[in-house]
Structures are given as structure tokens and as C-alpha cells.
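These notes concern the structure reproduced below.
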Amino acid sequence: MSDLGLAAVIVGLTLVTLVSRSLFLVLGDRVPLPSRIQHGLRYAPACALAALILPQLVLADQTLQLTLGNPRLDAALVAVLVMRFSRNMLAAMFTGMGAFLLLRALL
């Protein structure tokens with residue numbers, strides 16, 4: 001692909017991204033979203049976070065590792081349990097990182 005073609009693709013993708021993301025801000029409340037869509041959008045941040053984190057937890061060297069020998073997955077389970085019972089995000093983060101460092105050193 002030539003430099004001009006690559007520049008055209010980058011500009012085109014930038015415009016598409018800009019328009020699609022700013023559409024809700026520009027239109028505001030003039031075009032109300034249906035309640036089903038509003039309800040579904042409530043889960044978008046959690047889904048995006050899971051899509052970023054989950055592959056890092058279960059993949060090691062491009063292979064699926066769902067075993068107890070996976071320190072990342074084990075530490076995440078510890079952090080989830082701490083968050084579930086304490087409802088303290090900071091405690092869950094510190095406990096998860098501590099468990100990961102300990103498990104990585106031991107395994």
C-alpha cells in the first residue's frame with residue numbers, strides 16, 4: 001500500500017470513529033434511545049473490561065491455561081473472593097497483586 005493510500009485509510013477510519021462516538025453527544029436528548037438499548041448499555045463498561053482482562057488471565061504463551069498452576073488466574077480468583085466478601089476495591093487489588101507475586105515466585 002502506498003503512503004497516500006495508507007494516509008487515506010487512517011483519515012477515513014479516524015472520521016468514522018469520530019462520527020460514531022460523537023453521535024450521542026451531538027444528538028443529546030433529541031433522539032431518545034429505547035429502554036432496551038439503555039438497559040443494555042449499562043453493561044458495556046463491564047463487558048469491555050472483561051474483554052481486556054480475561055485473555056490475560058487464561059492465556060499463557062498463546063495457549064489456554066485453565067489450571068491451578070496459572071498464577072494470574074489464581075490471583076484473580078483470590079481478588080474476586082476478597083472483593084465479594086469485603087466490597088473493598090483497594091483490598092482486592094492489593095490482595096490480588098500480592099497473591100500473584102507470591103504464586104509467581106512459588107510456581
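The values are calculated or read from the model by the stated rules, or taken from the named source; none is laboratory data. Just so you know, these numbers come straight off a predicted model, no measurement behind them. Backbone-built Cβ (ideal geometry, glycine too); neighbour counts: all protein chains shown. To get the accessible areas, we keep the full protein, side chains included, count just its heavy atoms, and leave off ligands, DNA and RNA. Shrake-Rupley method; radii C 1.70, N 1.55, O 1.52, S 1.80 Å.
Summary of values
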quantity	calculated
Tally, over segment 28-46, of residues that are surrounded by 10 or more Cβ atoms within 10 Å (Cβ to Cβ) and within 18 Å of the chain's Cα centre (by Cα)	3
Condition met for T67 (modelled with pLDDT of 95 or more and hydroxyl-bearing (S, T, Y))	no
Which listed residue, of L25, L6, is open to solvent by 70 Å² or more (accessible area, probe 1.4 Å) and at pLDDT 90 or above	L6
Residue satisfying all of: in segment 91-107; open to solvent by 100 Å² or more (accessible area, probe 1.4 Å) and among the hydrophobic types (A, V, I, L, M, F, W, C); nearest to Q56 (Cα to Cα) among these	M97
